[in-house]
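Structure, as structure tokens:
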Ligand code: CTP
């Protein structure tokens, strides 16, 4: 098992062209004062309001003026890999719309698409721009991708209009950065094992028993753990999605394969998150294809599969944190708490089969002491964020 590493706290501050750009200087000063090393990336728009020299004078990191991304071939990748946290303050409508749609046409937007780190955006713009369908759609998309959006305030705007669009108070932005930074400090460098998707139990050469798990929850959990700097090992059953944010991916098929993969990785894992919908039954695979005319003679004999999480829970080492999921149609919370105890877990997430394949769903996070966090109509990424907040809390308690 690994300890959170004590790397320097390196933040990337992206500044875009809003009249609120001058406030980023104040934020920069506060971050440097609080021990962060801050690299600054400016867009062309930002430079209409401030010069790169204003930032160079205040920061202890590097300043990248607009266009400087083209001076070395991999500046965007180096910055993406080297930043634990990226804060775009202020974030204009133009930049928000670009990043929500994967456009990477300057250094900042290129770093954002290349980075797996935690990202925070602080919108600031005119009220009608803020309320526009485009910006609202972009913010929704960004939240579902794991971005933290610090809502702007209502008030008198620089242009004279009244309404939402004024940059959030710096204290709020700073507090959010500190909270994320603490979470990163507690999780980074840990080996996090995320197990995801359905399993497949073959009946014959062409048919199998499975379930409707989409793997979306596991995908969100892996991306979230990665954003906090964990070393993520992802074990997945057969899913449509084949692209995952993880350091190592093991593709498995049956419950037995999944069990073997978990047992191979669990020993030195710090955190296990078991989001897979494992088949509870398997069958002895028939050679060839069962023919229609043979159906009378054919019986499907179900055998129970091993309970992977229960087995892992029985071997759990001191300091390991185990998270399970509980899929129930009735008595959701009681059954989930019983499973938490039976499988020796620290946290269990209760949800219902309606959550299958849906990105917006309800879930309840239940702790060992029975206290719970209810999440209503939230994205799977939001559930993943809350799960790792709990993991960070437990790490902090055990220090
Ligand atoms: N699980 C597992 N191995 C199994 C079955 C389930 O590791 N063979 C894990 C799931 O990944 C989940 C937790 O155990 O994290 C609870 O799974 P769930 O399907 O809700 O419940 P079961 O334990 O299978 O019990 P039941 O089907 O009776 O509700």
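A compact table of results
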item	result
Segment 307-317, subset part of a helix (DSSP H, G or I) and in contact with a strand residue (DSSP E or B) (Cβ under 8 Å, 6 or more places away or on another chain), residue surrounded by the fewest Cβ atoms within 10 Å (Cβ to Cβ)	313
Members of segment 217-256 that are out of contact with any strand residue (DSSP E or B) (no Cβ under 9 Å at 6 or more places or on another chain) and more than 24 Å from residue 188 (Cβ to Cβ)	240, 241
Residue match in segment 258-271 (condition: in contact with a strand residue (DSSP E or B) (Cβ under 8 Å, 6 or more places away or on another chain), touching a residue at least 60 places away in the same chain (Cβ under 8 Å), within 14 Å of the ligand (Cβ to nearest atom) and assigned to a strand (DSSP E or B))	yes
Among residues of segment 286-306, those that are surrounded by fewer than 11 Cβ atoms within 10 Å (Cβ to Cβ) and not in a helix (DSSP H, G or I), counted	7
Identity of the residue in segment 272-285, more than 15 Å from residue 208 (Cβ to Cβ) and assigned to a loop (DSSP other than H, G, I, E, B), that ends up nearest to the ligand (Cβ to nearest atom)	276
Hits in segment 84-101 - residues which are touching a helix residue (DSSP H, G or I) at 6+ places or on another chain (Cβ under 6 Å) and in a loop (DSSP other than H, G, I, E, B)	84
Filter result (without any contact (Cβ under 8 Å) to a residue 24 or more places away in the chain and over 30 Å from residue 221 (Cα atoms)) within segment 130-168	153, 154, 155, 156, 160
Residue pairs meeting the criteria (Cβ under 6 Å; at least 6 apart or on separate chains; first within 15 Å of residue 201 (Cα to Cα) and touching a residue at least 24 places away in the same chain (Cβ under 8 Å), in segment 289-310; second in a strand (DSSP E or B) and more than 12 Å from the ligand (Cβ to nearest atom))	300/283
Boolean, residue 357 is exposed (fewer than 15 other Cβ atoms within 10 Å of the Cβ), away from the ligand (no atom under 12 Å from the Cβ) and on the phi > 0 side of the Ramachandran plot	yes
Of the criteria (1) away from the ligand (no atom under 13 Å from the Cβ); (2) surrounded by 18 or more Cβ atoms within 10 Å (Cβ to Cβ); (3) at pLDDT 95 or above; (4) farther than 21 Å from residue 258 by Cβ, which one residue 320 fails	(4)
Filter result for residue 79 (within 23 Å of residue 176 (Cα to Cα), in contact (Cβ under 8 Å) with a residue 40 or more places away in the chain, surrounded by 19 or more Cβ atoms within 10 Å (Cβ to Cβ) and in contact with a helix residue (DSSP H, G or I) (Cβ under 9 Å, 6 or more places away or on another chain))	yes
Within segment 323-350, considering residues that are within 11 Å of the ligand (Cβ to nearest atom) and over 26 Å from the mean Cα position of the chain (by Cα), the one farthest from residue 380 (Cα to Cα)	342
Any hit, segment 7-20, residues being free of Cβ contacts under 8 Å to residues at least 60 places away in the same chain, touching a strand residue (DSSP E or B) at 6+ places or on another chain (Cβ under 6 Å) and assigned to a loop (DSSP other than H, G, I, E, B)	yes
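The values are calculated or read from the model by the stated rules, or taken from the named source; none is laboratory data. Every value quoted in this text rests on a predicted model; they were computed, and no experiment measured them. Using ideal geometry, Cβ is built from the backbone for each residue, glycine included, and neighbour counts are taken over all protein chains shown.
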